[in-house]
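This report concerns only the one structure given below.
Values in this text are rule-based calculations from the coordinates and carry no lab data. As the structure is a computational prediction, the values presented were derived from the model and not from experiment. Here the Cβ is made from the backbone with ideal geometry for all residues, glycine too, and neighbour counts use every protein chain on show.
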Amino acid sequence: MRPRKYGDAGQAFPIYITVVAGLLFLAFAYLAVGQAAATRNGAQTAADAAALAAAQDRRDQLAGKWLENVLNPGLWDDIFDGEVQGLDPSCPRADQLADDNDAHVVDGGCVANWYPELGYTVDVKTNDPVGDSIVPGTETTYATATAKAVIKPRCTFPPPDKDNGNDEDLPQLNCRNKNWDLDPEDLSNLPGPEDLFDVHLAD
């Protein structure tokens with residue numbers, strides 16, 4: 001009888017174990033990368049939402065000031081440039097939206113921008129770390145992200161005849177190719193905040 005050949009099988013088994021261990025390591029590594037990417041994406045979503053919320057809050061307040069001074073076109077330029085006193089802080093809205101997305105605005109991480117564009121820059125940090133993985137330190141690693149939202153006036157108008165005075169005929173507003181003929185005797189049809197200002201994330 002021929003003796004059974006166990007040598008080849010015995011040599012192949014360690015190779016098999018090594019290959020399986022390598023594949024498992026790669027699988028866990030990809031999982032760790034996925035965890036980190038998901039956490040990073042969550043941080044960016046929170047930052048985007050927070051910056052937009054702050055900018056939209058400021059836009060709404062500027063639109064409110066324009067409505068208060070619609071009969072005083074001498075002040076319109078300052079309002080559209082964002083140069084208005086007495087507005088409430090808009091960063092609390094950034095805090096709220098960051099919290100809604102499982103993150104928080106870092107200390108000093110909400111900044112109003114005035115030049116070259118009106119808007120807000122917000123820095124956030126996730127509330128939860130990446131989590132346990134084969135990569136050391138991920139259980140205490142948090143994701144951070146930054147976003148900037150800008151506020152741009154959408155309307156143009158001819159200069160008023162009187163500086164800071166009440167005109168009998170209000171200037172015509174042209175807001176993205178839509179004309180608004182404002183009647184001082186009938187102010188029932190006025191543009192809204194989204195007509196007066198555009199808010200979007202900066203690249």
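Quick notes on this structure:
- Highest average first, the peptides 108-121, 176-189, 44-57, 88-101 ordered by how many other beta carbon atoms sit within 10 Å of their residues are 44-57, 88-101, 108-121, 176-189.
- Exposure proxy for 199, 124: other Cβ atoms within 10 Å of each Cβ, ordered fewest to most, give 199, 124.
- For segment 63-98, the residues whose amide N sits under 17 Å from a probe point set 7 Å from the Cα of residue 187 along the beta carbon direction are 63-80.
- Restraint check, 125/152; 125/148; 152/178, Cα-Cα greater than 19 Å: 125/152
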